[in-house]
1. Just one of Glu77, Glu20, Glu53, Glu14 is on the phi < 0 side of the Ramachandran plot, open to solvent by less than 100 Å² (accessible area, probe 1.4 Å), of a type outside the set (Phe, Trp, Tyr) and in a helix (DSSP H, G or I); which is it?
Amino acid sequence: MTQQGALLQGYNNELVKCIEDLCMQKQELTKQIQQAEEERNKLQHEIQVLNEELERVCENLAQKVASRNELDKILAETEAAYMKILDSSRTLLNVLKKEVGNLKHTPELKTN
């Protein structure tokens, strides 16, 4: 019976050692899980901050694009109006030259 008791004691010691090893593995895994959760929370916070920043940048960009589009429209209208002014000035100059030319051919303005 003592041999059985010794055998049982050996099994018990081995069983206790296995349980202790499992507990240590569980503690290490729990520690790793906590670290992973902390990292996940940190990354989620950074993502939230970056998403907010991205939203602000997108809004700012949209405003700038709208302003540029408005400036493009104003520039096109201004250039078209300026071209009309240039065309009118050219027409006026041609009319004036023609009238001056006509005046030179009238007898009253000829010099002796």
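The values are calculated or read from the model by the stated rules, or taken from the named source; none is laboratory data. All values reported here derive from a predicted model rather than from experimental measurement. For accessibility, only protein heavy atoms count, side chains too; no ligands or nucleic acids. Shrake-Rupley method; radii C 1.70, N 1.55, O 1.52, S 1.80 Å.
1. On the way: Glu77 fails: open to solvent by less than 100 Å² (accessible area, probe 1.4 Å); Glu20 fails: open to solvent by less than 100 Å² (accessible area, probe 1.4 Å); Glu14 fails: open to solvent by less than 100 Å² (accessible area, probe 1.4 Å).
Going through Glu77, Glu20, Glu53, Glu14 in turn, just one is on the phi < 0 side of the Ramachandran plot, open to solvent by less than 100 Å² (accessible area, probe 1.4 Å), of a type outside the set (Phe, Trp, Tyr) and in a helix (DSSP H, G or I): Glu53.
A quick yes/no check of all residues on (1) of a type outside the set (S, T, N, Q); (2) part of a helix (DSSP H, G or I); (3) open to solvent by 80 Å² or more (accessible area, probe 1.4 Å); (4) at pLDDT 95 or above:
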site	(1), (2), (3), (4)
Gln25	no, yes, yes, yes
Glu28	yes, yes, yes, yes
Leu43	yes, yes, no, yes
Gln63	no, yes, yes, yes
Lys98	yes, yes, yes, no
Asn102	no, yes, no, no
